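The values are calculated or read from the model by the stated rules, or taken from the named source; none is laboratory data. No experiment lies behind these values; they were computed from the predicted model shown. Ligands, DNA and RNA are stripped out before the accessible areas are found, and what is left, the full protein with its side chains, is counted by its heavy atoms. Shrake-Rupley method; radii C 1.70, N 1.55, O 1.52, S 1.80 Å.
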Amino acid sequence: MAWILESDGDHFCTDGNVKDMEHGSDLMQGSATQVRARLKSTLHRITLALEALQVPSIAAVNGAAVGAGCDLALMCDVRVASSRATFAESFLRLGPVPGLAARGFLTRLAASFWLSIHSGSRLQYQVVQ
(Lines give C-alpha, C1' and ligand atoms only; values in the text may rest on other atoms or scores of the structure.)
Protein backbone atom coordinates (compact mmCIF):
# COMPACT_ATOMS: atom_id res chain seq x y z
CA MET A 1 0.00 0.00 0.00
CA ALA A 2 1.23 3.52 -0.80
CA TRP A 3 -0.05 7.09 -0.85
CA ILE A 4 0.17 8.61 -4.36
CA LEU A 5 0.15 12.35 -5.01
CA GLU A 6 -0.71 13.26 -8.60
CA SER A 7 -2.52 15.90 -10.58
CA ASP A 8 -5.26 15.56 -13.13
CA GLY A 9 -4.23 18.58 -15.18
CA ASP A 10 -1.27 19.78 -17.22
CA HIS A 11 0.80 20.69 -14.14
CA PHE A 12 1.74 18.84 -10.98
CA CYS A 13 1.75 21.94 -8.76
CA THR A 14 2.93 25.41 -9.70
CA ASP A 15 3.04 27.15 -6.30
CA GLY A 16 1.81 30.62 -5.39
CA ASN A 17 0.42 33.29 -7.61
CA VAL A 18 3.04 36.00 -8.18
CA LYS A 19 0.30 38.53 -9.05
CA ASP A 20 -1.27 37.95 -5.61
CA MET A 21 2.16 38.52 -4.08
CA GLU A 22 2.54 41.80 -5.96
CA HIS A 23 -0.85 42.96 -4.68
CA GLY A 24 -0.13 41.89 -1.10
CA SER A 25 -2.85 39.24 -0.93
CA ASP A 26 -0.75 36.12 -0.29
CA LEU A 27 0.59 34.27 2.76
CA MET A 28 3.91 36.11 2.72
CA GLN A 29 2.59 39.55 3.73
CA GLY A 30 3.10 41.17 7.13
CA SER A 31 5.77 40.94 9.78
CA ALA A 32 8.10 37.95 10.08
CA THR A 33 6.07 36.76 13.08
CA GLN A 34 2.80 36.97 11.13
CA VAL A 35 4.24 35.18 8.10
CA ARG A 36 5.71 32.44 10.30
CA ALA A 37 2.36 31.93 12.04
CA ARG A 38 0.47 31.76 8.72
CA LEU A 39 2.94 29.30 7.20
CA LYS A 40 2.84 27.14 10.32
CA SER A 41 -0.96 26.98 10.28
CA THR A 42 -1.24 26.30 6.53
CA LEU A 43 1.60 25.09 4.33
CA HIS A 44 3.77 23.54 7.03
CA ARG A 45 0.90 21.27 8.01
CA ILE A 46 1.39 19.53 4.63
CA THR A 47 5.04 18.84 5.48
CA LEU A 48 4.11 17.40 8.87
CA ALA A 49 1.32 15.28 7.40
CA LEU A 50 3.62 13.75 4.77
CA GLU A 51 6.26 13.02 7.39
CA ALA A 52 3.64 11.29 9.57
CA LEU A 53 2.41 8.91 6.86
CA GLN A 54 2.72 5.26 7.82
CA VAL A 55 2.96 4.15 4.16
CA PRO A 56 5.40 5.20 1.42
CA SER A 57 4.50 8.37 -0.46
CA ILE A 58 4.88 8.65 -4.22
CA ALA A 59 4.84 11.86 -6.27
CA ALA A 60 3.62 11.12 -9.80
CA VAL A 61 4.83 14.23 -11.61
CA ASN A 62 3.36 14.71 -15.09
CA GLY A 63 4.01 18.41 -15.65
CA ALA A 64 5.49 21.44 -13.93
CA ALA A 65 6.49 21.04 -10.28
CA VAL A 66 7.47 24.59 -9.35
CA GLY A 67 8.11 26.15 -5.95
CA ALA A 68 5.87 24.40 -3.42
CA GLY A 69 5.12 21.79 -6.10
CA CYS A 70 8.82 20.94 -6.32
CA ASP A 71 8.89 20.87 -2.51
CA LEU A 72 5.94 18.47 -2.44
CA ALA A 73 7.71 16.12 -4.85
CA LEU A 74 10.89 16.28 -2.73
CA MET A 75 8.89 15.45 0.41
CA CYS A 76 7.64 12.18 -1.05
CA ASP A 77 9.62 8.99 -0.58
CA VAL A 78 9.58 8.26 -4.33
CA ARG A 79 9.27 10.53 -7.35
CA VAL A 80 8.05 9.21 -10.70
CA ALA A 81 8.30 11.75 -13.51
CA SER A 82 6.86 11.69 -17.01
CA SER A 83 8.80 13.08 -19.96
CA ARG A 84 6.74 16.29 -19.53
CA ALA A 85 7.87 16.81 -15.93
CA THR A 86 9.91 19.87 -15.00
CA PHE A 87 11.19 20.88 -11.57
CA ALA A 88 12.15 24.36 -10.33
CA GLU A 89 12.60 26.35 -7.14
CA SER A 90 11.82 29.59 -8.96
CA PHE A 91 11.31 31.79 -5.91
CA LEU A 92 15.03 31.56 -5.20
CA ARG A 93 15.44 34.08 -8.03
CA LEU A 94 13.28 36.53 -6.08
CA GLY A 95 15.20 36.15 -2.82
CA PRO A 96 13.02 34.02 -0.52
CA VAL A 97 14.05 30.57 0.60
CA PRO A 98 11.77 27.63 -0.21
CA GLY A 99 8.81 27.70 2.16
CA LEU A 100 8.07 24.00 2.62
CA ALA A 101 11.39 22.72 3.96
CA ALA A 102 12.75 21.93 0.50
CA ARG A 103 16.31 22.53 1.63
CA GLY A 104 16.03 19.76 4.21
CA PHE A 105 14.34 17.30 1.88
CA LEU A 106 16.73 18.01 -1.00
CA THR A 107 19.72 17.64 1.33
CA ARG A 108 18.38 14.29 2.56
CA LEU A 109 17.79 13.11 -1.02
CA ALA A 110 21.24 14.26 -2.18
CA ALA A 111 22.94 12.66 0.84
CA SER A 112 21.18 9.37 0.14
CA PHE A 113 22.26 9.51 -3.52
CA TRP A 114 25.84 10.40 -2.56
CA LEU A 115 26.05 7.55 -0.04
CA SER A 116 24.64 5.11 -2.60
CA ILE A 117 27.15 5.92 -5.32
CA HIS A 118 30.10 6.10 -2.90
CA SER A 119 29.25 2.75 -1.32
CA GLY A 120 29.95 0.99 -4.60
CA SER A 121 26.27 0.50 -5.33
CA ARG A 122 25.13 0.86 -8.89
CA LEU A 123 22.14 3.12 -9.43
CA GLN A 124 20.00 2.43 -12.46
CA TYR A 125 17.28 4.62 -13.87
CA GLN A 126 14.86 3.60 -16.53
CA VAL A 127 12.69 5.65 -18.82
CA VAL A 128 9.29 3.97 -18.97
CA GLN A 129 7.22 4.61 -22.06
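Residues E6, E89, E51, ordered by accessible area of protein heavy atoms at a 1.4 angstrom probe radius and largest first, appear as E6, E51, E89.
Leaving out ligands, DNA and RNA, what percent of the accessible area of region 23-80 is carbon and sulfur, probe 1.4 Å? Percent of accessible area from carbon and sulfur atoms in region 23-80: 63.
In the context of the full protein assembly, R84 retains an accessible surface of approximately 130 Å², using a probe radius of 1.4 Å and ignoring ligands and nucleic acids.
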